[in-house]
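Here the structure comes first, spelled out in structure tokens, and everything after it is commentary.
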Amino acid sequence: MKNLIIENKRNQMVLKFNKKGFDNDYLISLVKRIEIEELAQKSGFTTDILNIAEQINQEWWDNNANGFLSGVNK
């Protein structure tokens, strides 16, 4: 038996996993990732939000890197 079977049934996509082929924790994290992806698509986010997030991240590191990394050997 295959570890993964995908069936296309009218308005549904059915995924079947062989329990012996996958770790339970992996499958749970995969389903959670699919749920997050669905929510992200529904949110209507564009790639602009990723650019803003990167800018915020860079600004934080520019302002806080020295204090955050103090005591770390470079």
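The values are calculated or read from the model by the stated rules, or taken from the named source; none is laboratory data. Since the model is a prediction, treat every value here as computed from it, not as a measurement. Glycine gets a Cβ as well: all are built from the backbone with ideal geometry, and neighbour counts include every protein chain shown.
Computed values, structure above
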quantity: Selected residue [surrounded by 10 or more Cβ atoms within 10 Å (Cβ to Cβ) and hydroxyl-bearing (Ser, Thr, Tyr)] from Ser29, Ser43; calculated: Ser29
quantity: Residues of segment 47-74 satisfying the condition of being in a helix (DSSP H, G or I) and either of a type in the set (Gly, Ala, Ser) or touching a residue at least 24 places away in the same chain (Cβ under 8 Å) (or both); calculated: Ala53, Ala65, Gly67
quantity: Residue within segment 49-56 that is modelled with pLDDT of 90 or more and among the β-branched types (Val, Ile, Thr) present; calculated: yes
quantity: Unmet criterion (only one of (1) closer than 24 Å to Lys2 by Cβ; (2) out of contact with any Leu (no Cβ under 7 Å at 6 or more places or on another chain); (3) among the hydrophobic types (A, V, I, L, M, F, W, C)) for Phe17; calculated: (2)
quantity: Single residue of Ile34, Ile5 found to be touching a strand residue (DSSP E or B) at 6+ places or on another chain (Cβ under 7 Å), of a type outside the set (D, E, K, R) and modelled with pLDDT of 90 or more; calculated: Ile5
quantity: Scope segment 1-22; condition out of contact with any helix residue (DSSP H, G or I) (no Cβ under 8 Å at 6 or more places or on another chain), surrounded by 10 or more Cβ atoms within 10 Å (Cβ to Cβ) and not in a helix (DSSP H, G or I); matching residues; calculated: Ile5, Leu15, Lys16, Asn18, Phe22
